[in-house]
Amino acid sequence: MYSVRGEIGILFFYFLSIINLDIFLRRGWLVCYNESKELKGWTGMKVVFVCLGNICRSPMAEAVFRKMVHEEGLEDKITIDSAATSTWEHGNPVHHGTRKKLEEHDISAKGLVSRTLDETDLDADYILGMDASNVRNIHSFVDGKSDATVARLLEVAGVQRDIADPWYTGDFDATYRDVTLGCNALLEQLKKEL
């Protein structure tokens, strides 16, 4: 017997399975990356960008840096990810303001969803927060379990200040400028280290 309610239920669970599959594939890729790094003696670098919710600043940094790395042909040498220090936005897509700003610069945020820092991040070479609060939370998380360089992204560029959170300020232009400044300096640093 045909049931509209049944069809809606099936579509709802299908939609959930797609979202979970995307998250699983993203997380599963990281597990494969960690195993391959250890087993194959991978000598590249891993960078994780971090902010409070992983919907504005850190995914912006991930997407901007991913494009820069691609343009330099270094995708096989630098692995890039982003994460949150809180679970507030866990599983949510990138903020519409971040997506819009990235699209203006022909940068994709496709497939990026908020996740929290976890054990797969401990083998990173750099864990970069967007502000001082992020860095304090990263240090609490790492707690001696990682040799990663932990700092604010702008510190890599020699600038001693936070990247303002556009979720509060609404100024995605300023955030993009700061993220780009930090990512450019980071790329130059990593090119020396590779």
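The values are calculated or read from the model by the stated rules, or taken from the named source; none is laboratory data. This is a predicted model, so every value here is computed, not measured. All Cβ positions, even for glycine, are placed from backbone atoms using ideal geometry, and neighbour counts span all protein chains on display. For the accessible areas, the whole protein counts, side chains as well, though only heavy atoms, and no ligand, DNA or RNA atoms are used. Shrake-Rupley method; radii C 1.70, N 1.55, O 1.52, S 1.80 Å.
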Point to revise | So LEU117, is it within 16 Å of the chain's Cα centre (by Cα) and over 21 Å from LEU190 (Cβ atoms) | key: no
LYS110 vs (1) without any contact (Cβ under 8 Å) to a residue 12 or more places away in the chain; (2) assigned to a helix (DSSP H, G or I); (3) among the charged types (D, E, K, R): all pass except (2)
Restricting the range 151-186 to residues that are among the hydrophobic types (A, V, I, L, M, F, W, C) and buried (at least 19 other Cβ atoms within 10 Å of the Cβ), the one farthest from PRO59 (Cα to Cα) turns out to be VAL156
In the range 86-107, anything surrounded by 23 or more Cβ atoms within 10 Å (Cβ to Cβ) and not in a helix (DSSP H, G or I) is listed as VAL94
Within the range 110-125, the residues that are closer than 21 Å to VAL69 by Cα and surrounded by 22 or more Cβ atoms within 10 Å (Cβ to Cβ) are LEU112, ASP121, ALA124
Test: ALA132 is in contact (Cβ under 8 Å) with a residue 24 or more places away in the chain, crowded, with 22+ Cβ neighbours inside 10 Å, within 25 Å of ASP171 (Cβ to Cβ) and aliphatic (A, V, I, L, M): no
Among residues of the range 63-84 being part of a loop (DSSP other than H, G, I, E, B) and open to solvent by 40 Å² or more (accessible area, probe 1.4 Å), the residue nearest to GLY53 (Cα to Cα) is GLU75
